[in-house]
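Down below is the structure, laid out as structure tokens.
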Amino acid sequence: MLTIATPRLSPAEWNDVQATLSAVADCGCGEPAAAGSLRSRIGHAVDALIGPKKAAPAPLPVHLRPVRDFLCETGRTRKLAERHIPSLSAQGFSRAQIEALALLGA
């Protein structure tokens, strides 16, 4: 389990975190989302609203690959994947946003 306090973010910063998580939600780390996880619940909610996906997901854009790699490693190790933080910071994510991504996405 990650031991990170809930970050203090503005509504706009939370929106950025949510949009980023949604963008990488279907990219996978080689295994499906655990039943009952936030990612799984979001996926079920979206499927209920707009219907299940009919086509294979589009390839992940290059700029989202560091986010996916960060989330996958953080989820696997249950620790912040510090080695990916510089690339996320370079994309404009604050440390608080990175911690929010870890808490919600891992």
- Potential lengthening between Ser37 and Arg65 on full extension [0.36 nm per residue; Cα-Cα distance subtracted]: 7.9 nm
- Task: Multiply the residue separation of Arg83 and Ala19 by 0.36 nm, subtract the distance between their alpha-carbon atoms, and state the gained length in nm to one decimal.
- Result: 20.8 nm
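A short reminder: the numbers here are calculations on the coordinates, not readings from a lab. The shown structure was predicted, so the numbers you read here are calculated from the model rather than taken from an experiment.
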